[in-house]
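**Q** Once you've had a glance at the structure underneath, I'll fire off some questions.
The values are calculated or read from the model by the stated rules, or taken from the named source; none is laboratory data. Quick caveat: nothing in here was measured; it's all calculated off a predicted structure. Virtual Cβ from ideal backbone geometry, glycine too; neighbours counted across all protein chains shown. The accessibility values were calculated without ligands, DNA or RNA, using every heavy atom of the protein model including side chains. Shrake-Rupley method; radii C 1.70, N 1.55, O 1.52, S 1.80 Å.
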Amino acid sequence: MKGRFAPSPTGRMHAGNIYASLMAWLVAKSQGGTMLLRIEDLDRERSKPAFADQIMRDYEMLGLAWDEGPVYQHDREEAYRQAFEALRGKGLVYPCFCSRADLHAASAPHRGEKLVYAGTCRGLSDAQVRLREAEGRRPAYRVAVPSETIRFDDAVQGPYEQRLDRDCGDFLIKRSDGAFAYQLAVVVDDASGGVTSVVRGMDLLCSTPQQVYLQRLLGFAQPRYAHIPLLVAQRDRRLSKRDRDASLDELLAKYGSPQAVLGHIAYVAGLQPADEPALPEQLLKGFSVEDLPARFPDKVQIPFR
Ligand code: GLU
């Protein structure tokens with residue numbers, strides 16, 4: 001049993017990141033598991049080493065300890081390349097010259113950001129590819145998906161399914177600037193890290209069928225998934241690092257101590273009955289994975305004030 005923290009070092013943690021991290025820790029620890037820390041810095045433009053250091057200090061301050069890592073995605077190119085070649089060896093990878101489509105592929109896509117690719121470049125002949133390359137255009141790479149339905153049981157959301165061709169489309173595994181895409185990296189990293197439990201925000205639920213598809217192609221075991229509700233700033237607006245919504249420094253100023261911040265988030269999320277300071281170990285005492293689905297009457301969002 002191994003869970004993971006997988007922060008993107010693009011800003012200070014906010015209440016939603018803290019909540020997701022706490023849940024990942026509780027799910028792993030309540031089953032006698034360990035935690036791996038992976039810094040998801042594939043997106044070189046948005047990631048900053050200073051944010052990674054800050055996030056690690058924040059975890060320590062909140063009492064959310066990890067047992068393994070940190071593993072940095074920037075050290076993992078070779079593993080991604082091997083997986084990419086394995087997929088290419090199956091004849092499933094093709095170059096895509098559609099412009100700027102790959103802009104954000106290195107970051108985890110969040111709800112509403114998912115576009116179904118029309119398959120424009122899927123049928124390009126070798127000659128057409130060479131012609132575009134001769135014009136100096138550099139392709140991104142997509143993996144082709146079949147007309148197949150991926151089903152899995154989410155520990156919080158219950159049964160979930162997507163038909164790959166209709167709901168996902170052929171998706172990016174490498175950007176035109178050479179960076180590997182989030183979907184590929186996360187699958188390779190979870191597998192080589194031996195991660196068996198993935199707990200993260202609901203916004204990544206719709207990415208999971210793509211990840212399961214890649215796991216099956218690459219012969220990797222499928223972790224157990226739990227997609228938890230998002231904490232929202234106001235109705236329907238998700239917290240964002242960029243807008244500094246409920247960022248940890250703001251929360252510390254407001255609630256006074258890391259334990260008070262953690263306790264407040266735990267209270268809002270229904271993990272403890274009173275709004276009082278808490279350490280992760282205290283929350284662990286009353287926690288059981290069996291309660292997970294029942295814990296969220298509103299399975300989509302929890303208002304955070
Ligand atoms: N690094 C992603 C994020 O911070 C999480 C990816 C994942 O959990 O798979 O949004």
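**Q** Over the stretch 33-87, what relative contact order in percent results from Cα pairs under 8 Å that are six or more residues apart?
**A** Reported relative contact order: 54 percent.
**Q** Can you tell me which aspartates and glutamates have their Cα less than 14 Å from the Cα of Lys174? Leave out same-chain residues fewer than eight positions away.
**A** Asp43, Glu77, Glu78, Glu85, Asp102
**Q** Now a separate question. Please give the peptides 23-34, 214-225 ranked by average Cβ packing (other Cβ atoms within 10 Å per residue), highest first, as a rough proxy for protection. Mind dumping the intermediate values first?
**A** Values: 23-34: 20.1, 214-225: 16.2.
Output ranking for 23-34, 214-225: 23-34, 214-225.
**Q** Quick one, what does Rg over Rh come out to for the chain if you take C-alpha atoms and the Kirkwood Rh?
**A** Numbers: Rg = 19.8 Å, Rh = 20.2 Å.
Checking Rg against Rh, the ratio lands at 0.98.
**Q** Is the shape of the stretch 1-45 rounded, prolate or oblate, going by the alpha carbon gyration tensor and its root eigenvalues a ≥ b ≥ c, with a/c under 1.5 for rounded and a/b larger than b/c for prolate?
**A** Since a/c reaches 1.5 but b/c is at least a/b, the shape of the stretch 1-45 is classed as oblate.
**Q** Extension gain Arg216-Arg122, at 0.36 nm per residue separation less the Cα-Cα distance, in nm?
**A** 31.7 nm
**Q** Hey, can you grab everything whose amide H is under 5 Å from the amide H of Lys174? Only 5+ residues off in sequence or another chain; H modelled, so Pro and N-termini drop out.
**A** When sequence neighbours closer than 5 places are left aside, the close amide H contacts are Tyr141, Ala181.
**Q** Per the helix-only calculation at 222 nm, which mean residue ellipticity applies to the chain, given -39500 (n - 2.57) for every DSSP H run of n ≥ 4 and division by its residues, nearest 500 deg cm²/dmol?
**A** Dividing the helical sum by the residues of the chain leaves -9500 deg cm²/dmol.
**Q** Sticking with this one: Sequence gap at least 6, Cα distance under 8 Å: using those rules, report the relative contact order of the chain to the nearest whole percent.
**A** Numbers: 524 pairs, mean separation 69.3, N = 305.
23 percent.
**Q** If you take the charge dipole of the stretch 26-170 about its Cα centre, with +1 on Lys and Arg Cβ and -1 on Asp and Glu Cβ, which of Ala83, Thr120, Phe152 is farthest toward its positive end?
**A** Thr120
**Q** Lone cysteines in the chain, defined as no other cysteine's Cβ under 4.7 Å from theirs: which are they?
**A** Cysteines lacking a close Cβ partner in the chain: Cys98, Cys168, Cys206.
**Q** Right, here's the next one. Determine the distance separating the Cα centre of the stretch 116-183 from the Cα centre of the stretch 275-292; give it in Å without decimals.
**A** Between the Cα centre of the stretch 116-183 and that of the stretch 275-292, the gap is 40 Å.
**Q** In addition: Taking the mean number of other Cβ atoms within 10 Å as a proxy for protection, how do you rank 66-75, 255-264, 115-124 from highest to lowest?
**A** 255-264, 66-75, 115-124
**Q** Quick one: Karplus J couplings for the stretch 129-138, per residue in order, coefficients 6.51, -1.76, 1.60, θ = phi - 60°, nearest Hz, x for Gly and Pro?
**A** Karplus-based 3J(HN,Hα) across the stretch 129-138 equals 5, 4, 4, 5, 5, 5, 7, x, 8, 9 Hz.
**Q** Which listed residue (Gln272, Leu248, Pro95) has the Cα farthest towards the positive end of the charge dipole for the chain, taking +1 on Lys and Arg C-beta and -1 on Asp and Glu C-beta about the Cα centre?
**A** Highest projection toward the positive end goes to Pro95.
**Q** Students often get this wrong, so check it: of Lys2/Lys48; Lys29/Lys285; Lys2/Lys285, which have C-alpha atoms separated by over 22 Å? Don't jump to the answer; show the numbers that get you there.
**A** Numbers: Lys2/Lys48 27 Å; Lys29/Lys285 10 Å; Lys2/Lys285 19 Å.
The pairs that break the limit, which is 22 Å between Cα atoms, are Lys2/Lys48.
**Q** Placing unit charges on C-beta atoms (Lys and Arg positive, Asp and Glu negative, everything else neutral), compute the dipole magnitude of the chain about its Cα centre in debye, rounded to 20.
**A** The calculation lands at about 680 debye.
**Q** Accessible area of the chain with a 1.4 Å probe: how many percent of it is carbon plus sulfur?
**A** That fraction is 50 percent.
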